[in-house]
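Notes for the one structure printed next.
Read-outs throughout are calculated quantities, based only on the coordinates presented, and are distinct from any laboratory measurement. Predicted, not measured: the structure shown is a model, and the values here were computed from it. All Cβ positions, even for glycine, are placed from backbone atoms using ideal geometry, and neighbour counts span all protein chains on display.
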Amino acid sequence: MNQAANRTPFEILARYERLSLAHASDTQDKFEAPGLWRGIGFRVGSRLLVSGIDEINELLAVPLLTPVPGTQPWLLGVANVRGNLVPVVDIGRFLFGERTQHSERSRLLVVRQGGGSVALLVDEVLGQRTVDAAQRQQTWEEDDPRLARFVDNRVGEQQLAIFSMARLVRAPDFRQAAA
């Protein structure tokens, strides 16, 4: 105890830095462990989906939307996201024809597409999900034909559907929002 009392403020800060760096390097190894896949889980209606963490740029609360006339019913309008106009798509309505009921849990997933971004309205974001090698070996095929073109398989105890945002934004019917 006497030794700690004799330390200068600089020595105390240097010790905190060493401890912090040691902890940060250990944490980084856990995140980059081989065989782990990380994604963001979300709910669309009653379906649980997950997309690669690298496919989703941002999560947002639902801002004010400006409707765009003459578009498909699943295109809700555009939102101003830090000075950029971003189209907002009701992904539940696009995939299943079921309108997403706006609630306090509703969020937008911002995804890159050629020439900009698009925001997808989902019922709820479930947070980060990690899938290990053992879970990837035990998979189930997607049985819903409306999802099959965007989902390869389902994984984990919750049978999360691994949803490809890249396939979604390249789909011809998704790119054709004009009515």
task = For segment 112-179, divide the Cα radius of gyration by the Kirkwood radius and give the resulting Rg/Rh value with two decimals.
result = 1.01
task = Find the Rg to Rh ratio for the chain, where Rh is the Kirkwood radius over alpha-carbon pairs and Rg uses the same atoms.
result = 1.15
request  = For segment 62-102, report the translational diffusion coefficient in µm²/s to the nearest whole number, using Stokes-Einstein at 25 °C, 0.890 mPa s, and a Kirkwood Rh over Cα pairs.
outcome  = 230
inquiry  = Nearest 500 deg cm²/dmol is fine: what mean residue ellipticity at 222 nm does the chain get from its DSSP H runs of n ≥ 4 alone, each adding -39,500 (n - 2.57), divided by its residue count?
reply    = -7500 deg cm²/dmol
message = Which order do the peptides 36-44, 110-118 come out in when sorted by mean C-beta neighbours inside 10 angstrom, highest first?
response = 36-44, 110-118
Choice from L48, L19, L120 with maximal GNM fluctuation in the chain (Cα, 10 Å cutoff) = L19
task = Report the label-to-label distance for I12 and T139 in nanometres (one decimal), using points 7 Å from each Cα along the Cα→Cβ vector.
result = 5.4
query = How much net charge surrounds L76 when only the other residues with a Cβ under 13 Å from the Cβ of L76 are counted, with Lys and Arg +1 and Asp and Glu -1?
reply = +1
